[in-house]
Structure formats: C-alpha cells, structure tokens
1. Given (1) within 26 Å of residue A:25 (Cα to Cα); (2) hydrophobic (A, V, I, L, M, F, W, C); (3) more than 14 Å from every other protein chain (Cβ to nearest Cβ), identify the lone condition not met by residue A:119.
2. Residues to consider are B:279, B:248, B:295, B:261; find the one that is away from chain A (no Cβ under 14 Å) and either assigned to a helix (DSSP H, G or I) or of a type in the set (Lys, Arg) (or both).
3. Which one is farthest from the other protein chains (Cβ to nearest Cβ), of the residues in segment A:52-76 that are exposed (fewer than 15 other Cβ atoms within 10 Å of the Cβ) and under 30 Å from residue B:330 (Cβ atoms)?
4. Being in a loop (DSSP other than H, G, I, E, B), among the charged types (D, E, K, R), surrounded by fewer than 21 Cβ atoms within 10 Å (Cβ to Cβ) and away from chain A (no Cβ under 14 Å): is that true of residue B:308 here?
5. Testing residue B:408 on (1) within 14 Å of another protein chain (Cβ to nearest Cβ); (2) in contact with a Ser or Thr (Cβ under 7 Å, 6 or more places away or on another chain), one condition comes back false. Which one is that?
6. Tell me which residues, restricted to segment B:344-360, are buried (at least 17 other Cβ atoms within 10 Å of the Cβ) and within 15 Å of residue B:407 (Cβ to Cβ).
7. Tell me which residues, restricted to segment B:191-239, are assigned to a loop (DSSP other than H, G, I, E, B) and touching a strand residue (DSSP E or B) at 6+ places or on another chain (Cβ under 8 Å).
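A short reminder: the numbers here are calculations on the coordinates, not readings from a lab. Here the structure is a predicted model, which means the values were calculated and not measured. Glycine also receives a Cβ, built like all others from the backbone with ideal geometry; neighbour counts cover every protein chain displayed.
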Amino acid sequence: MRRSTFLATAAALASAAYLTACGSPPRDLDLSLKHPSTQGLFVVTLEPPATGPVLDQIQTWQLHLADRDGAPVSQARILFSGGMPQHGHGFPTRPRVTREIRPGVYALEGVKFSMSGWWDMRFGLQAGERTDTAVFNVVLDDGRHRS
Amino acid sequence: MKHALLAAALALLLLTAFQPAARSWTPAERATLAALHIGRLDAPPADPSNAVADRPAAAALGRQLFFDARLSANDRVSCASCHAPERGFQDGRPLGEGLATGSRRTMPVPAASHASWFFWDGRKDSLWSQALGPLEDAAEHGANRVQLVRLLAEAYRPEYEALFGPLPPLAGLPAAAGPLGTPAERAAWARLPEAQQQAVDRAFANLGKAIAAYERTLMPGESRFDRYVAAVVGDRPADEAALSPAEVRGLRLFIGKAQCVSCHAGPLLTDQHFHNTGVPPRDPRRPDPGRSPAVARVLADPFNCLGRFSDAPPQHCEELRYIADDDPHLQAAFKTPGLRNVAERAPYMHAGQFATLEQVIAHYVSAPGAALGHSELARAGQRHAERAPIALGAAEAADLAAFLRSLSGPVCERGRPC
C-alpha cells in the first residue's frame, strides 16, 4: 500500500504540467535549493557539483535529506524525474539516485542539461512510513546558473 | 515650433537608422549571440572509447579508408559517395543512395564528433561505431566484415598494424562472412569459431576507429554570421555589414519569437538531443518511430561504449549508463540537426521531406500534429500547456530564411588550409 502510494506520487510528479505563456521562465520561480518537502515532512537540499550546473556535461549532484529537526534521514528511497516544463521534454539522460554517500546525503548521477532555460528537478521521497515529494527549479543562461 | 518637432523627429529617425548594430542588442541578447559564435566551439570532446581518436596516423589511415570504394559489395561505394566533400560531406538527396535507396537523409560529417549519439535516431554512441553501420547495411556499402578485414590486410597492413597491432590471420577465413549480410554470409559467419569471430570484430572495430579519427578533423569554419557576432560582441562596427538588414531581422527572430534557438543552440546550432516536432513522415502508412526503438538497439550493440571493443572503462560510458530509456517524448523524435551550412544542404528533415528553408519555416509555423507520438510544438489557436505557437508573418519568414543563408562557411580539415 505504502509502496503503491509512493509510486503513484512519483507518477504524478512525472506527469505534472505547467501553464506558462512563452519561452522565458516565470518571474516568480522559486530557485531556492533548500526548502521543506511539499508536505513539510522533510527538509531537502539540492547541491550542485562544485562547477555549478553546466551545459552538455554529465554531472553528479547531491541531495541532502533531513527531518524537520535537521537530523539526517538515512536509507531513504528516492526517485527522480524532471525536464523542461516549457518545452515538453525530459532530461536528455535518465538521472538516478544511485547511493547514499554518507548519512542523509544521496548521489544523483547522470544529470545532464542539454539546453539553457528552465529545468525542474523533482524527487519522490520515501523514508520508512513517510512519503513526500520535493521540487527544485534550475535556470541555465547560456551555460551559466542563475540564482 | 512645428518645424522644430519635425526636425527632432527626423534626427531621431536618423540616429536610429545609423545606430551601430552592437548597440541595438541588449546585454542578454549579446550573451545569446556570443554563445552561438564559432569561436565558442572547442576541440572535439575526448572519446575514451577510441584510443586512436586523436592520433594523426589514425586520421591519415581513416582518410584513405573514407574515400576507398573497395569498402563495398560492388567496389563503387565509399563513405564519400554520400558524404561528398564538395557538398559539405552530404549528398543533397532526400534519402541516402548506396547500393539501394535508404530510408533517411544523409547527415553531414563536419563536427559530428561533438555529438553523444549518432544517426538521426541516435542508435550509435560513438563516431567509430557509427562508421561501422553503413559498411554492412545492404542499402549502403553492402560489405561484410570479413571482406573488410581482408581488404585491410591486402591494402593497409603496415598502417593498420602500426596503430593497432597484428591483423588476425586470414587462414581459414572465407572470402565473405558477417552476421548482418546475405544468408550465405551469415551462414559462413556462423560456422566460424567464436575466437575467430572476435578477432575479425576487433579489426572491424579498429577500421571504424580510424575513420572516426579522420572525421574528427572536419569542422565548420567561419560564416558571415560569425563575423557579424564578433563585431557586435566586440563592440566593433567593422563587420556589422556582414549581415544585411533583412538577415539581422531574421537573426532577431531566430533568438526571439521564432524560438529556433531553443533547440538550435550553441556554436553548432544544435542541442544534440531528440525532439518530435511533427514532421510529416515520408510514407504516412509507416511513420518512422525515430529515437524510441533506437534506445534498445544502442544498448544491445556489441560495438557500444560498454562493449568488449571499446577502449573506455565502464565509468567513462556515462551517456550509455544514464541513457533516457523511459521518456515518452522520444517516440518519433529525431536529433536536432546543426544549422551550419544549412542553406547548402537542401532537402531538409530526417527524410528530406521539405525542399526549401521556406517550407521548413512554414512547417514550424503551421505546427501540424505528429503522425506518431506528440509534437512539442504549439499550434496557433490551440491551448498548449508548455509553449507558445511560433507566429511569423510572411515578411518575417522571409527574413528568417535570409538569416539562415548567412550561416554558410567553409568546411575545414585540421592540418590543411581552410
């Protein structure tokens, strides 16, 4: 039951659509890389590699998962989806959370941005009984990260 | 008073008319233009799966092989037959013509080394593995790998062995055999011991690696567009005349409301990714599925980055390991072609569906629904969740086509005059 709820949440994440008018990202886009998960069960931090997001290179990002008190959450199951909401396509690769590097810190490998513009990075999170989601926005301007 | 107003209006008009181009672009637009300049193009990215990728001796051998028509079933088809140097390494035909007519448009070779995936559907993951495909395709070279290894031994042994070590012994090999050939060639291949098959496969792979080393030397040169951008970005007026007013208007559309730069980005004017833009299939009864079935093909390909003939350790095969294998947008999606020299290579699209640039632009404006899968384009009058329709009037479409004609330039071979 829990598993099916988790998968359903992940599927909803994958199929989420946006309403935007044209090519430039919405002005009020939340670009924070640390915020509570959608239902507030976790505090989630998305950490780009030291170079920042770079066009046309496969990168490893890190996801820090903590509970509301800041304690690391280990052994979580994390699914990734994402893409370019304004272009109707996903990532050129299929990034995956491959391992827990240290308690509460997970490696997201295979991240590649093929175009400048607005990308969303969406996570389905499951830790024990708790399931939640987290969404981050990243904007690349000609290969440079806007924050 | 009336005269003063008129004079002021005239002065304003004159100022606008003679304003240097550099000042007519916003800082953000200038950054966009700078990212498209040919000077932003680096050397081809390293190919760890090909140990000889940047060896001059491999490029020299590859150059000979590229132009050698003995690499075919009838001694009349070379790589250059379709990738003709005098045509920018393509053939100007809607469909490739080798021993028979193929099903897709010949792609140009210059700067192909910058891609992660090859062919319109990306069914190969390296330039060397790509080079092997047409050699054994019945509609292209129609050769078989035993025949090709025999040719290497007879015509290229010293050059080959200096790069790759000994060729496999030919004793016991039939004249013709290969796993993809005629029934007789396949039967002869099946009779070979596995070790002998692998030795042939390795030499066959090395042949592809030499051809790839040559292809990596081919790059597009400077176009009028680049001269204009250099002037704009460098705040120099000298080369602003490199583009006509109509071409400049077209460029403004290209990076603006025509949305071209969304996918035709970077100095090669491609994102190297796959998109379904609803291009009508050549045969409506059999729409081409494009990228989606190619994913399984490249994963199963014995000549991929993770295969035994690759020189790369598995951790360097990230594109293959993280291949997008579950993305519904890839159905009937095709690789974004680069636009350098686009005016020199009609007809357009993956099966030469459109004869002119004007027809291509008209397609993006009309944005028909896809015969297979879903088009990423939004159609005028239709609500589309993700993006705006590409709305261009006739004069704007003409300006955009004029701009695309400014992207022509030479093809340069490294180490030779360009």
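1. That leaves (3) as the condition not met.
2. Values: B:279 fails: either assigned to a helix (DSSP H, G or I) or of a type in the set (Lys, Arg) (or both); B:295 fails: away from chain A (no Cβ under 14 Å); B:261 fails: away from chain A (no Cβ under 14 Å).
Exactly one residue qualifies, and that residue is B:248.
3. From segment A:52-76, those exposed (fewer than 15 other Cβ atoms within 10 Å of the Cβ) are A:52, A:57, A:67-72, A:74-75; that's our starting set.
Going one step further and asking which of them are under 30 Å from residue B:330 (Cβ atoms), we end up with A:52, A:57.
Working: A:52: 16, A:57: 9 Å.
So the residue we want is A:52.
4. Values: in a loop (DSSP other than H, G, I, E, B): yes; among the charged types (D, E, K, R): yes; surrounded by fewer than 21 Cβ atoms within 10 Å (Cβ to Cβ): yes; away from chain A (no Cβ under 14 Å): yes.
In short, yes.
5. It fails just one condition, (1).
6. Going residue by residue through segment B:344-360, those that are buried (at least 17 other Cβ atoms within 10 Å of the Cβ) are B:345, B:347-354, B:357, B:360.
Answer for segment B:344-360, where residues must be buried (at least 17 other Cβ atoms within 10 Å of the Cβ) and within 15 Å of residue B:407 (Cβ to Cβ): B:345, B:348, B:357, B:360.
7. First pass over segment B:191-239, keeping only residues assigned to a loop (DSSP other than H, G, I, E, B): B:192-193, B:216-217, B:221-223, B:234-239.
Scanning segment B:191-239 gives B:217, B:221.
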